[in-house]
Amino acid sequence: TYFGQLVQETKKYQSTNQSFTIKLNTGFDLPINFGVDINVQSNKIISERIEVASAKALKTTFGYQLKVGNFYNGTSIDLYRMNNQNFNWVDSEIQYNPTKGSFKYRLVGKNLTDLRAFSNINVSEISTSNYSSSILGRYLLLSVSYSLR
């Protein structure tokens, strides 16, 4: 059995991922509370001291939580920017917890405003590839749960 090596050296690469998050919430025991989240991400891949790929993202979330009696409502608005493309979506939840009984009822809506696809083009010395995908799907979920006590 003979083994051969065609390439003398594999190129070394370095991947750097950085993330920074700030969260501010009222957090008081009030019927309504507000919050703001800011998240900044930066990803880079360097090979042979040359940057071959990078991605930057900024996500800002504004939201509130409202609790009145047996009803709960939480809604968040996300403003998302990735590689110079903007995405905006709204998530909302309504929940009803009866005082008596073991049932809970929830209606959850995800990505109620934006269903655009994220597209990206990668160009190298030998090929060009173009892909697109949805960042977040859209759905409504009705949930009825029963608690055994």
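The values are calculated or read from the model by the stated rules, or taken from the named source; none is laboratory data. For clarity, every value in this text was computed on a predicted model and none was experimentally measured. Cβ sites come from the backbone with ideal geometry, for glycine too, and all protein chains shown count toward neighbours. Note: areas computed on protein heavy atoms with side chains; ligands, DNA, RNA excluded. Shrake-Rupley method; radii C 1.70, N 1.55, O 1.52, S 1.80 Å.
For Asp29, the stated conditions do not hold, so it cannot be described as open to solvent by less than 50 Å² (accessible area, probe 1.4 Å) and acidic (Asp, Glu). Within segment 133-147, being outside any loop (DSSP other than H, G, I, E, B) and modelled with pLDDT under 70 holds for Ser133, Ser134. Considering the conditions (1) surrounded by 15 or more Cβ atoms within 10 Å (Cβ to Cβ); (2) of a type outside the set (Val, Ile, Thr); (3) farther than 21 Å from Ser145 by Cβ; (4) under 14 Å from the mean Cα position of the chain (by Cα), Asp91 is excluded by exactly one of them, (3). Is it fair to say Leu79 is closer than 27 Å to Ser147 by Cα, in a strand (DSSP E or B) and of a type in the set (A, V, I, L, M)? So Leu79 fails the test.
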